[in-house]
1. So for each of 74-82, 18-26, 182-190 I average, over its residues, the number of other beta carbons within 10 Å; can you give me the resulting order with the highest mean first?
2. Residue-wise, which Karplus ³J(HN,Hα) couplings in Hz belong to the range 131-143, taking 6.51 cos²θ - 1.76 cosθ + 1.60, θ = phi - 60°, and x for glycine or proline?
3. Grab the Cα-Cα distance for residue 166 and residue 26, subtract it from 0.36 nm times how many residues apart they are, and report the gain in nm with one decimal.
4. Short version: ³J(HN,Hα) in whole Hz for each residue of the range 155-171, in order, from phi by Karplus 6.51 cos²θ - 1.76 cosθ + 1.60 (θ = phi - 60°), x for Gly and Pro, what are they?
5. What figure in square angstrom, to the nearest 10, would you give for the accessible area of residue 70 with a 1.4 Å probe?
6. Rank these residues by their accessible area, most exposed first, probe 1.4 Å: 68, 39.
Amino acid sequence: MKTLSPTEQIVNTDIMRYKPNRLPAMLALLSLVFNVLYFCLLYGFKNSFFSNWKIGASVVITLITLLFTFLASEGIKGYNKKYCITLIVLAVVQIARIFILPLQALANDQAGPENLALSVRYFGLDLSSEAYCAILIIWLSLSAACLIASAVLGYINCTKLEKFNSAIESGEIDIDGALKEEEVETAANTEVK
């Protein structure tokens, strides 16, 4: 990997002021995809175990997490550090949800197989109750992992940009001078080739 000169580092960091924080925003949106896959599997399953107040609460929690995740992805895209906290809270909610319906459904199935259907169809595949619960846990875990990664990367980028903006305001960094030096370095490199 090529090491950047101090001038190139300044120019690359300056570019952050004009382009969105895409990677953390995309990770937050990817967590939405995993949440939707969880939603499709869980709510497509018809069984008496899922016909109680927990499923209604789960629907509300799912809708709230979908909305707040989208909001946080837009906020982190604009380098707003406050949304990193939102992303971490959403990740904790996703992790907590693992212990509510999927694990309780598996425990209910093991207590009496008549409580949970022996097979579930998901995207054309027949799943056993263990596979069904495992996939639910995987979707929630992947969603939480994406939210945590989004929060961490977003925080790093937001902090880097904050420090850079402070350095510009205090006069420690001269953008115009750095751009002129970059032009000279580029011209010198072009002449050598």
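1. Values: 74-82: 17.7, 18-26: 15.8, 182-190: 11.1.
Taking the mean over residues of other Cβ atoms within 10 Å, the ranking is 74-82, 18-26, 182-190.
2. In residue order, the calculated couplings are 5, 4, 5, 5, 5, 4, 5, 4, 4, 5, 5, 5, 4 Hz.
3. Numbers: separation 140, 0.36 × 140 = 50.40 nm, distance 2.70 nm.
Difference between extended and current length: 47.7 nm.
4. Ordered by residue, 3J(HN,Hα) equals 5, 4, 5, 5, 5, 4, 5, 4, 4, 5, 4, 5, 5, 5, 5, 7, x Hz.
5. Number for this one is 110 Å².
6. On the way: 68 100, 39 70 Å².
The most accessible residue leads, giving 68, 39.
The values are calculated or read from the model by the stated rules, or taken from the named source; none is laboratory data. Keep in mind that this is a model prediction, so the values were computed, not measured. In this analysis, Cβ positions are derived from the backbone assuming ideal geometry, glycine residues included, and neighbour counts consider all displayed protein chains. In case anyone asks, the SASA skips ligands and DNA or RNA and just uses the protein heavy atoms, side chains included. Shrake-Rupley method; radii C 1.70, N 1.55, O 1.52, S 1.80 Å.
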